[in-house]
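Right, one structure below, let's go through it.
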Amino acid sequence: MILVTGGTGYIGAQVVLQLLGHGQTVVILDNLCNSSRTSLERIARLGGRRARFVLGDVRNRAQLDALFADFPITAVIHCAGLKAVGESVREPLRYYDSNVGGSITLCQAMAAAGVFTLIFSSSATVYGDSPRMPIDERCATGLPTNPYGFSKLMAENVMTSLAASDARWSVGLLRYFNPIGAHDSGELGEAPAQIPNNLLPYLLQVASGQRDVLHVYGNDYATVDGTGVRDYVHVMDLAEGHWLALQALMGGSGVQVWNLGTGQGYSVLQVVDAFTRTCGVSVPLVFEPRRAGDVAQCWADPDKARRELGWQARRTLDDMLRDAWRWECRLAAQHRPILYTPLLQGFWRDGLLRCVAHTAAIGFTTPRSAATARWQGCRSPSSTPGTAPGRTAATPSPWPRWSPCRSPHRRTAPRPPVV
Ligand code: NAD
Ligand code: UDP
């Protein structure tokens with residue numbers, strides 16, 4: 001049986017699903033500080049089997065001891081942790097406590113229980129502002145730019161020292177680049193409890209009308225279009241990497257480091273454009289100054305994972321965006337009250353006056369407003385824009401076709417030269 005800490009969270013849930021798909025039995029430990037039990041139902045539906053669930057905290061040694069006593073655990077995948085960069089700057093002790101303290105307590109409990117196989121959810125943030133691109137595992141870890149990054153690096157160091165001290169340990173440090181997307185069924189994905197910090201969840205909330213505009217942080221980087229470049233990797237590909245890493249670690253010894261990325265970088269504007277093209281929904285954006293602590297670019301050399309694990313990201317950026325949008329639409333539909341119709345969306349969001357003016361301007365039957373276009377896009381993420389869910393392009397839709405709105409694009413800063 002495999003213990004997945006943080007297994008109801010965004011990445012952990014996909015990992016659990018992956019393990020269930022390979023016939024493993026799984027127990028999840030999660031304190032639900034950033035997830036909910038709903039994930040368990042979704043996992044059960046998609047996986048055809050249930051994972052066991054224990055509500056608990058990785059910092060609680062007594063709980064961990066009881067867990068290892070109650071279940072025949074042979075390996076641990078440690079996804080539990082806090083991950084909001086901005087929050088880590090405001091509350092560093094909470095981050096060190098959870099991400100470093102929690103990892104230490106978990107390792108202590110594992111050793112006491114005689115379990116020595118561990119996979120850790122690490123991050124490309126440990127490379128800091130690397131001068132070398134793409135980044136391979138031989139690149140030195142750098143100076144992370146925030147307490148979250150430090151907490152990941154510190155946890156890695158704890159595990160590395162531990163493995164050096166005792167040959168029974170077999171530890172895999174998986175350095176994720178930028179996981180995005182959702183399960184391709186649209187049934188399992190990220191459900192941010194707070195204002196999203198990361199690009200894609202924020203973009204999705206703008207596209208679905210929950211937020212007005214995407215703030216693009218910096219358009220003067222020395223990148224293809226001036227905006228930050230990252231290596232986005234589909235969360236299902238990432239989950240497959242965990243399964244392969246687990247098999248490679250079983251019976252081994254020492255520490256193995258693997259980058260999990262695609263090897264391909266995309267700028268913020270390339271992601272936005274790909275989203276509009278793939279999902280048929282335009283995203284209003286405004287340029288802002290650079291975000292403190294951001295690096296200009298970061299993408300992986302994933303060759304080591306390919307050679308040693310046989311892992312390769314298979315899904316494209318378009319796949320990631322399409323799956324993420326499908327999930328976002330499901331979430332949005334769940335949370336919309338019945339009166340939140342396309343016509344009234346502007347009313348609820350922007351007030352009666354704007355809605356009346358808007359309706360007068362566009363008429364009642366031509367859903368061309370940004371809000372309506374978004375709504376219609378939201379109705380049909382997996383089919384042709386303007387078709388209702390379950391219909392295909394061949395089945396005429398009762399909904400008029402829409403065209404992407406253009407006016408909300410507020411590119412307030414001049415585009416930098418292409419370098
Ligand atoms: P998430 O917040 O969705 O999932 C983390 C889960 O851990 C949540 O369910 C939360 O309730 C649980 N948790 C947090 N603290 C806990 C504690 N002390 N005890 C028990 N449970 C606790 O985040 P995610 O995106 O799924 O990330 C999973 C891991 O991957 C994290 O460690 C994160 O640092 C790392 N990571 C994430 C990204 C990313 O972009 N999402 C990138 C690199 C690394
Ligand atoms: N970004 C942005 N607007 C946002 C969130 C992110 O322009 O609302 C940019 C950010 O500056 C970076 C890229 O998108 O260039 C990826 O940011 P994210 O936080 O998703 O990943 P990370 O910076 O942690 O790799």
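Quick check: Cα centre of region 153-173 to Cα centre of region 118-133, how many Å?
16 Å
In units of 2.2 N^0.38 Å, what is the alpha-carbon radius of gyration of region 7-89?
1.10
Order 4-14, 208-218, 99-109 from most to least packed using the mean count of other Cβ atoms within 10 Å.
Top to bottom by mean Cβ count within 10 Å: 4-14, 99-109, 208-218.
I'd like to compare 162-175, 316-329: which one has the highest average count of other Cβ atoms within 10 Å, and what's the full order after that?
Per-residue mean Cβ counts within 10 Å order the peptides as 316-329, 162-175.
Which FRET efficiency value, to the nearest 0.05, is calculated for VAL89 and ASP136 with the Förster distance at 25 angstrom and r the Cβ-Cβ distance?
So the FRET efficiency works out to roughly 0.30.
Got the relative contact order for region 84-204 handy, in percent, Cα pairs under 8 Å and 6 or more residues apart?
31 percent
Hey, got the Cα dimensions of region 126-261 along the principal axes, in Å, largest first?
Projected onto its principal axes, the Cα set of region 126-261 covers 54, 37, 26 Å.
Can you work out the base-10 log of I(q)/I(0) for region 189-255 at q = 0.17, 0.18, 0.22, 0.23 1/Å, using the Debye formula on its C-alpha atoms alone?
Cα-only, vacuum Debye calculation for region 189-255: -0.82, -0.86, -1.01, -1.04.
I'd like the distance separating the alpha-carbon centroids of region 279-298 and region 193-258, in whole Å.
First find each Cα centre; the distance between them is then 13 Å.
Along the Cα-to-C-beta direction of ASP184, a point sits 7 Å from the Cα; which residues of region 1-25 have their amide N less than 15 Å from that point?
The answer is 18, whose backbone nitrogens lie closer than 15 Å to the label point.
How high is the relative contact order of region 1-79? Use alpha-carbon pairs under 8 Å, at least six apart in sequence, and give a whole percent.
Once divided by the residue count of region 1-79, the mean separation gives 41 percent.
Once the piece of chain linking ASP273 and GLN194 is laid out straight, how much longer is it, given 0.36 nm per residue of separation minus the C-alpha distance between them?
Extra length available between ASP273 and GLN194 comes to 25.9 nm.
Could you work out the local net charge near THR5, counting Lys and Arg as +1, Asp and Glu as -1, over the other residues with Cβ closer than 12 Å to its Cβ?
-1
For the pair GLU308/ASP212, report the inter-label distance in nm, with labels modelled 7 Å from Cα in the Cβ direction.
Output for this residue pair reads 4.9 nm.
Can you give me the orientation-averaged projected area of the convex hull built on the Cα atoms of region 1-158, in nm²?
Taking a quarter of the hull surface, the average projection is 9.7 nm².
Stick to Cα atoms and the Kirkwood definition of Rh, then tell me Rg/Rh for region 192-327.
For region 192-327, the value is 1.02.
Take peptides 150-160, 56-66 and line them up by average Cβ neighbours within 10 Å, highest first, as a rough protection proxy.
150-160, 56-66
Note down the net charge around GLY228, summing +1 for each Lys or Arg and -1 for each Asp or Glu among other residues with Cβ under 13 Å from its Cβ.
Once all neighbours under 13 Å are counted, the net charge is -3.
Just so you know, all these numbers are worked out from the coordinates, no wet-lab data involved. Owing to the predicted nature of the structure, the values given are computational and were not obtained by experimental measurement. A quick note on method: Cβ atoms are made from the backbone with ideal geometry, for glycine too, and the neighbour counts reach across all protein chains shown.
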